[in-house]
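The values are calculated or read from the model by the stated rules, or taken from the named source; none is laboratory data. Just so you know, these numbers come straight off a predicted model, no measurement behind them. FYI the Cβ positions are ideal-geometry reconstructions off the backbone, even for glycines, and counts take in every protein chain you see.
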Amino acid sequence: MSRRLSAKKRTLLRRGTAAVEFAMVLPVFLVFVFGLAEYGKAQMTANMLQNACRDAARWGSTEGVTTSEVQQRVRDLMAPAIGTAVPITVIVRDASVFDGEDPEVLETDEYVDLPTVELSDAEPRQMFIVRASLSYDEASIIPWPLLKNMTLTGMSFMRHE
């Protein structure tokens, strides 16, 4: 009996090896690809949130715009990216504490404690902040354990006209 495999058997053996290698590599590859896509979506959402805050703050700096209109503007600008069902927390606060020679340094959760401001009653040159945040769990396409409980935040400072 010959120890050499026929050409047909060698071809079948190579095909079987390729199938096993493919079955081992495919899950790792898919996790990498979907993880990369989900991270890209998180980054895009964070950038859009930042731009929505900047645009709403710029619009809110003009005369006659109310605080609730600015908050709704942020939500409207974010709707194409995340839909209208995702809850977005939008705050508009008086940022006068940052005026002066020695401005305060605040932690991220301390912005909520700043005094509220009604933009339609704001003084000229009064500084205010528009800050929006959302839970990425609510906006994700594929729930990803590495991005679980992540909060995306956008913020913009502006002076009232």
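So which of Ser68, Ser120 ends up being at pLDDT 90 or above, farther than 28 Å from Ala139 by Cβ and either assigned to a helix (DSSP H, G or I) or touching a Gly at 6+ places or on another chain (Cβ under 6 Å) (or both)? Give the steps one after another, and end with the answer.
Working: Ser68 fails: farther than 28 Å from Ala139 by Cβ.
The unique qualifying residue is Ser120.
Could you tell me whether Leu114 is hydrophobic (A, V, I, L, M, F, W, C), surrounded by 15 or more Cβ atoms within 10 Å (Cβ to Cβ) and under 21 Å from Val70 (Cβ atoms)? Give the derivation first.
Details: hydrophobic (A, V, I, L, M, F, W, C): yes; surrounded by 15 or more Cβ atoms within 10 Å (Cβ to Cβ): yes; under 21 Å from Val70 (Cβ atoms): yes.
So Leu114 passes the test.
Could you grab the pairs with beta carbons closer than 6 Å, sequence gap of 6+ or different chains, first residue in the stretch 58-78 and closer than 15 Å to Gly154 by Cα, second one part of a helix (DSSP H, G or I) and among the small types (Gly, Ala, Ser)?
Val70/Ala56; Val70/Gly60; Arg73/Ala56; Val74/Ala52; Val74/Ala56; Leu77/Ala52; Met78/Ala52
Out of the residues in the stretch 75-90 that are buried (at least 17 other Cβ atoms within 10 Å of the Cβ) and not in a helix (DSSP H, G or I), state the one that is farthest from the chain's Cα centre (by Cα).
Of the residues in the stretch 75-90, the ones buried (at least 17 other Cβ atoms within 10 Å of the Cβ) are 75, 77-78, 82, 86, 88, 90.
Subsequent filtering for residues that are not in a helix (DSSP H, G or I) retains 86, 88, 90.
Numbers: Val86: 12, Ile88: 11, Val90: 14 Å.
Checked the stretch 75-90; the qualifying residue farthest from the chain's Cα centre (by Cα) is Val90.
Just to be sure before I move on: is Asp121 loosely packed, with under 12 Cβ neighbours inside 10 Å, of a type in the set (D, E, K, R) and more than 15 Å from His160 (Cα to Cα) in the structure I sent?
Details: loosely packed, with under 12 Cβ neighbours inside 10 Å: yes; of a type in the set (D, E, K, R): yes; more than 15 Å from His160 (Cα to Cα): no.
Criteria not met by Asp121.
Is the stretch 90-101 home to any residue that is in contact with a helix residue (DSSP H, G or I) (Cβ under 7 Å, 6 or more places away or on another chain) and within 17 Å of Arg159 (Cβ to Cβ)?
Yes: the stretch 90-101 contains one or more residues that are in contact with a helix residue (DSSP H, G or I) (Cβ under 7 Å, 6 or more places away or on another chain) and within 17 Å of Arg159 (Cβ to Cβ).
Going by what's in this entry, would Gln71 be described as surrounded by 14 or more Cβ atoms within 10 Å (Cβ to Cβ) and either basic (Lys, Arg) or over 16 Å from the mean Cα position of the chain (by Cα) (or both)? It would help to see each step written out before you state the result.
Numbers: surrounded by 14 or more Cβ atoms within 10 Å (Cβ to Cβ): yes; either basic (Lys, Arg) or over 16 Å from the mean Cα position of the chain (by Cα) (or both): yes.
Judged against the criteria, Gln71 is a match.
Which residue pairs have Cβ atoms closer than 6 Å, lie 6 or more positions apart in sequence or on different chains, and pair a first residue in the stretch 120-149 that is within 17 Å of Val70 (Cα to Cα) with a second residue that is among the hydroxyl-bearing types (Ser, Thr, Tyr) and at pLDDT 90 or above?
Between residues of the stretch 120-149 that are within 17 Å of Val70 (Cα to Cα) and residues that are among the hydroxyl-bearing types (Ser, Thr, Tyr) and at pLDDT 90 or above, the close pairs are Ser120/Thr66; Val130/Ser156; Ser133/Thr89; Ser133/Thr151; Ser133/Thr153.
State which residue is nearest to Ser133 (Cα to Cα) when the search covers only the stretch 24-67 and only residues that are in contact with an Asp or Glu (Cβ under 9 Å, 6 or more places away or on another chain) and surrounded by fewer than 15 Cβ atoms within 10 Å (Cβ to Cβ).
This residue is Thr66.
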